[in-house]
């Protein structure tokens, strides 16, 4: 693709939906973050960067794994409770810095997986189908 760009997409939900679905777990995550002078935006950037959440957090907390564990435990509890209460939606925390190209997300956002399912025709032919993305510039 030209200029090194590529397409991304996410099924997003509003923060209030997470708060209303899992009020205790949401509050617990915010409290543990605040206790260590961290916020949800900063945590989201750690979760999004690279995939090694423990490594990202341990750098911020000088390898204090008790703090890292407390934060990750609260986050995982929120995600698991959300999945249970929504009957299967998987909750992810993401971060993106908006650029001037029509981005619809900026900063921290909640993404969910498991919204869509295959039709019977799709299930029967999934081995023949490949989803591809592209961008156009005018």
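The values are calculated or read from the model by the stated rules, or taken from the named source; none is laboratory data. This one's a predicted model, so the numbers in the text were calculated from it and none came from an experiment. A quick note on method: Cβ atoms are made from the backbone with ideal geometry, for glycine too, and the neighbour counts reach across all protein chains shown.
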* To do: Answer yes or no: is there a residue in the stretch 59-67 that is in a helix (DSSP H, G or I) and either in contact with a strand residue (DSSP E or B) (Cβ under 8 Å, 6 or more places away or on another chain) or touching a residue at least 60 places away in the same chain (Cβ under 8 Å) (or both).
  => no
* Is it the case that residue 115 is on the phi < 0 side of the Ramachandran plot, in a helix (DSSP H, G or I), modelled with pLDDT of 90 or more and more than 13 Å from the chain's Cα centre (by Cα)? -> no
* **Residue list for the stretch 85-120, filter: surrounded by 11 or more Cβ atoms within 10 Å (Cβ to Cβ) and free of Cβ contacts under 8 Å to residues at least 12 places away in the same chain** => 98, 103, 106, 118
* Out of the residues in the stretch 38-52 that are modelled with pLDDT of 80 or more and out of contact with any strand residue (DSSP E or B) (no Cβ under 8 Å at 6 or more places or on another chain), state the one that is farthest from residue 28 (Cα to Cα). => 46
* **The lone exception for residue 79 - which of (1) modelled with pLDDT under 90; (2) in contact with a strand residue (DSSP E or B) (Cβ under 6 Å, 6 or more places away or on another chain) it fails** => (1)
* When only residues in the stretch 36-47 that are more than 13 Å from residue 95 (Cα to Cα) and touching a residue at least 12 places away in the same chain (Cβ under 8 Å) count, which is surrounded by the fewest Cβ atoms within 10 Å (Cβ to Cβ)? -> 36
